[in-house]
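Notes follow once the structure below has been shown.
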């Protein structure tokens with residue numbers, strides 16, 4: 001089991017005190033949602049890791065709420081649709097790399113609440129520059145919009161060294177290192193919004209630490225061995241320095257907000273889109289060595305970090321209840337002071353009461369409807385299951401105690417389970433059985449718009 005490192009001797013007492021300082025609702029807080037790529041909870045010191053250097057992220061955990069049971073989807077596109085819309089994938093997921101442009105999003109709600117909005121980083125939701133403003137973003141600086149394969153080659157990458165970035169759908173910017181160019185744009189955006197006195201939502205979709213595992217500008221080899229920057233030289237040995245660079249960027253973002261005098265009135269959310277690459281082994285303080293679970297319908301595939309801070313306004317605490325990416329949309333809506341329309345029928349619950357030191361909204365289960373639907377590739381690991389605080393129930397009757405078996409290696413079948421356990425898990429079974437005809441690669445929601453994905457023309461492959 002992945003354990004949570006004790007953050008401080010006084011954290012329980014501080015948490016019991018609720019808000020360290022009552023929020024002032026007359027001044028809208030800024031929102032920074034820093035969304036990392038391909039990194040599970042086991043990679044951070046505040047979640048028990050002993051493998052990587054993450055001092056800035058660990059410091060955030062000591063300043064805010066650390067969620068120990070936060071869950072995403074096991075792959076990127078399913079998670080990005082889910083977080084943007086507040087819906088489980090059985091409601092609106094179409095295919096990998098695609099989202100219908102008429103979906104409702106958290107950025108639209110923030111705009112309704114008077115916020116300036118920007119997305120900086122990975123898009124991957126459809127080959128259409130027109131989509132991004134329709135999704136509610138005033139500004140964008142993104143990869144994987146209309147250009148993807150075109151920006152990959154022997155001496156270029158689609159997100160790291162020598163990459164191309166779509167600047168507001170108007171032109172492309174060349175970046176020596178993509179995350180640095182992202183940071184430059186984001187910092188300029190913050191400068192402009194602070195100077196204008198406008199509340200802002202910054203959705204920073206960090207590409208780190210997704211493959212290819214290449215060197216970063218902080219590595220000596222970056223200069224000494226030019227080829228180390230590119231895919232042909234990718235090596236899992238570079239993963240540690242990529243994690244360190246991710247942490248450095250989080251620290252730089254926090255410092256920027258402090259330097260501009262807005263840290264105390266910024267709600268900062270740090271999370272990730274799915275588990276770590278299966279190529280990576282990570283050690284934790286309890287003596288375990290964990291293989292990453294990206295693409296796997298397991299707890300290692302869905303268990304991701306989430307930390308929320310609000311300057312010194314909230315007391316540090318560890319929150320152990322269930323949470324998932326559907327909760328981001330209603331949380332942002334509450335922060336912005338906007339009601340989510342009932343007809344949207346979202347699946348998430350707002351975390352804002354807990355941010356304010358009140359009792360957390362109940363969340364009885366998490367649904368993992370994981371059906372990636374690669375256009376040219378079957379998904380043999382597609383699964384549908386629901387989780388409570390300890391167990392996962394699968395569409396085919398398997399049961400796992402994910403606290404004891406996070407890699408889902410030892411199933412108990414429903415027919416063999418004790419009656420008391422079946423009674424406990426009956427709400428999970430009921431939710432999973434709402435789609436009684438589920439099967440791997442069952443078609444998703446229909447495509448309502450003509451734009452393509454980057455995967456429509458891909459050769460058959462094993463995406464895992």
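Residues checked against (1) in contact with a strand residue (DSSP E or B) (Cβ under 7 Å, 6 or more places away or on another chain); (2) under 17 Å from residue 447 (Cα atoms):
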position	(1), (2)
90	yes, yes
94	no, yes
141	yes, no
149	no, no
163	yes, no
174	yes, no
Worksheet entry | helices (runs of 4 or more DSSP H) wholly inside region 63-133 containing at least 3 residues that are touching a helix residue (DSSP H, G or I) at 6+ places or on another chain (Cβ under 7 Å), over 23 Å from residue 439 (Cβ atoms) and not assigned by TED's automatic domain parsing to the domain that holds residue 388 | 76-85, 106-112
Discussion item. Anything in region 108-138 that is farther than 16 Å from residue 84 by Cα and in contact with a strand residue (DSSP E or B) (Cβ under 6 Å, 6 or more places away or on another chain)? List them, or say none.
Written reply: 115, 116
Response to the item:
Checked region 175-195 for anything closer than 21 Å to residue 219 by Cβ and surrounded by fewer than 14 Cβ atoms within 10 Å (Cβ to Cβ); matches are 176
Fill in: Sole residue being on the phi > 0 side of the Ramachandran plot, touching a helix residue (DSSP H, G or I) at 6+ places or on another chain (Cβ under 8 Å) and assigned by TED's automatic domain parsing to the domain that holds residue 69, chosen from 261, 227
261
Practice prompt. Return the total of residues in region 321-366 being surrounded by fewer than 24 Cβ atoms within 10 Å (Cβ to Cβ) and not in a helix (DSSP H, G or I).
Written response: 22
Worksheet item: Which residues, counting only those in region 186-238, are touching a strand residue (DSSP E or B) at 6+ places or on another chain (Cβ under 8 Å), in a helix (DSSP H, G or I) and farther than 21 Å from residue 120 by Cβ?
Response: 229
Worksheet, complete the sentence: residue 109 passes all but one of the listed conditions (1) more than 22 Å from residue 36 (Cβ to Cβ); (2) within 21 Å of the chain's Cα centre (by Cα); (3) surrounded by fewer than 23 Cβ atoms within 10 Å (Cβ to Cβ); the exception is number (3)
Fill in: Residue match in region 314-333 (condition: assigned by TED's automatic domain parsing to the domain that holds residue 268 and modelled with pLDDT under 95)
yes
Response to the item:
Every listed condition ((1) over 27 Å from residue 244 (Cα atoms); (2) touching a residue at least 40 places away in the same chain (Cβ under 8 Å); (3) surrounded by fewer than 17 Cβ atoms within 10 Å (Cβ to Cβ)) holds for residue 95 save (3)
Worksheet item: How many of the residues making up region 239-289 are touching a residue at least 24 places away in the same chain (Cβ under 8 Å), surrounded by fewer than 21 Cβ atoms within 10 Å (Cβ to Cβ), in contact with a strand residue (DSSP E or B) (Cβ under 8 Å, 6 or more places away or on another chain) and not in a helix (DSSP H, G or I)?
Response: 4
Fill in: Members of region 406-416 that are farther than 16 Å from residue 74 by Cβ and surrounded by 14 or more Cβ atoms within 10 Å (Cβ to Cβ)
411, 412, 414
Worksheet item: Tally time: how many residues in region 410-448 are under 25 Å from the mean Cα position of the chain (by Cα) and over 16 Å from residue 371 (Cβ atoms)?
Response: 1
Discussion item. Yes or no: region 367-387 includes at least one residue that is surrounded by fewer than 21 Cβ atoms within 10 Å (Cβ to Cβ), assigned to a loop (DSSP other than H, G, I, E, B), touching a helix residue (DSSP H, G or I) at 6+ places or on another chain (Cβ under 8 Å) and touching a residue at least 24 places away in the same chain (Cβ under 8 Å).
Written reply: no
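The values are calculated or read from the model by the stated rules, or taken from the named source; none is laboratory data. A quick note: this is a predicted structure, and the numbers were derived from the prediction, not measured. Counting neighbours? That spans all protein chains shown, and the Cβs are built from the backbone with ideal geometry, glycine included.
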